[in-house]
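Engineer: What follows is a single structure, and I will ask about it in a moment.
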Amino acid sequence: MAISSAYFHYWGKAARDDPEESSGGEPKWHPLVYHALDVAACGQVLLRRQPAWLENLVRLSGFEAAVLSPWLVFLLALHDLGKFGNGFQSLRPDLKEMLQGSTKPIAYDVRHDTLGYALLMEQLPAWLESPELARRGGNLLRLWATAVAGHHGRPPRNDNRKAHVLQHLPADGPLQHAQEFVGAARVLLLPRDWQFPSRTEGSLEHYKRASWLVAGLAVTAD
């Protein structure tokens, strides 16, 4: 699959559609991928300046810090992955038309946190070429994907995941661009030899406890 820079053509944050909030008649907006990396950078700084946070996550998960820290930062970069969806992008028709040349309205009937969670669960192991992540890491991915995607204070919905992805992320557009961004984030944020551990010492109960810390990290970084 050819890699493009099309993932820059998605907005992540935008000022209200108000002349006083615009500059020179142009709407103020922040690219989705820039916002994603902003949050990842904030999370990285928090882990460095709050070592107890990382120490507790290491203890609960059974991961080594050198493996866990970049994984958490990478997950933070994916916290708003659901904003690639057509429904979210249609919340600002002016930006969608300017960035993607599309004026077709799409209902925002699946929140971006729920759609992002569906993407992480349905696609991330394949995108990372990590069957280990889907097998032994399944519980950890489920809990931590919930924590990261649910960064607005409530868990995302866990129903109809495949249907949500198919409905809101056409394969020849948003889904491909989301995958390309995940690949670029992987190169940028994960060491070249990084692999999901084949075995961790943590238990499911420990993972659940750790997920609260991951959720706090995501909310704070965002």
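Engineer: Identify all residues within segment 102-152 that are touching a residue at least 24 places away in the same chain (Cβ under 8 Å), farther than 15 Å from Ala77 by Cβ and small (Gly, Ala, Ser); write none if there are none.
Structural biologist: Ala118, Ser130, Gly137, Gly150
Engineer: Go through segment 87-116 and give me each residue that's out of contact with any Ser or Thr (no Cβ under 9 Å at 6 or more places or on another chain) and over 25 Å from Ala145 (Cα atoms). Full working, then the answer.
Structural biologist: Residues of segment 87-116 that are out of contact with any Ser or Thr (no Cβ under 9 Å at 6 or more places or on another chain), as a first pass: 87-88, 91-92, 94-95, 98-101, 103, 109-116.
Arg92, Asp94, Leu95, Met98, Leu99, Gln100, Gly101, Thr103 - these are the residues of segment 87-116 that are out of contact with any Ser or Thr (no Cβ under 9 Å at 6 or more places or on another chain) and over 25 Å from Ala145 (Cα atoms).
Engineer: Among residues belonging to segment 117-148 that are assigned to a helix (DSSP H, G or I) and over 15 Å from the mean Cα position of the chain (by Cα), point out the one that is nearest to Pro170 (Cα to Cα).
Structural biologist: The selected residue is Ala126.
Engineer: Here's something else I'd like to know. When you look at His35, is it crowded, with 18+ Cβ neighbours inside 10 Å, within 17 Å of the chain's Cα centre (by Cα), modelled with pLDDT of 90 or more and assigned to a loop (DSSP other than H, G, I, E, B), yes or no?
Structural biologist: In short, no.
Engineer: For segment 203-222: of the residues being under 14 Å from Ala40 (Cα atoms) and small (Gly, Ala, Ser), which is surrounded by the fewest Cβ atoms within 10 Å (Cβ to Cβ)?
Structural biologist: Filtering first and then ranking leaves Gly216.
Engineer: Give the residue, chosen from Lys96, Lys104, that is over 22 Å from Leu189 (Cβ atoms) and either in contact with a Pro (Cβ under 8 Å, 6 or more places away or on another chain) or not in a helix (DSSP H, G or I) (or both).
Structural biologist: Only one candidate qualifies: Lys104.
The values are calculated or read from the model by the stated rules, or taken from the named source; none is laboratory data. From a predicted model like this one, the values you see are computed outputs, not experimental measurements. Every residue, glycine as well, gets a Cβ built from its backbone with ideal geometry; the counts of neighbours run over all protein chains shown.
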